[in-house]
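K.L.:
Got a structure for you, questions after.
Taken together, the values in this text are just the output of simple stated rules run on the coordinates, not laboratory data. Predicted model only: the values in this text are computed from it and were never measured. Cβ coordinates were reconstructed from backbone atoms using ideal geometry, including for glycine residues, and neighbour counts include every protein chain displayed.
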Amino acid sequence: MFMILVVISFVVIGLLTFSGRLSRLGRLPGDIQYKGTRTRVYAPITSMLLLSLLLSLVLTLLSWLF
């Protein structure tokens, strides 16, 4: 059952990525970007917090169902 959920989630994420729906995810307010002359630093703090919250909610709902 877990493998089926993993495969389905990879397919959905792949389709969203290639369709351009996730292009906004890495550019949220609070994500830190620094572009110097020879360096580039990117820390998606807000995006990581949002994804963590979403995954926690999904896993909590799945634990209630099963």
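K.L.:
Measuring from label point to label point, each 7 Å out along Cα→Cβ, what is the VAL7 to LEU55 span in nm?
P.N.:
2.2 nm
K.L.:
Now for a separate question. Going by average Cβ neighbours within 10 Å, how do the peptides 28-41, 50-63 rank, with the highest at the top? Let's see the in-between values first.
P.N.:
Values: 28-41: 8.9, 50-63: 10.6.
In descending order of packing, they fall as 50-63, 28-41.
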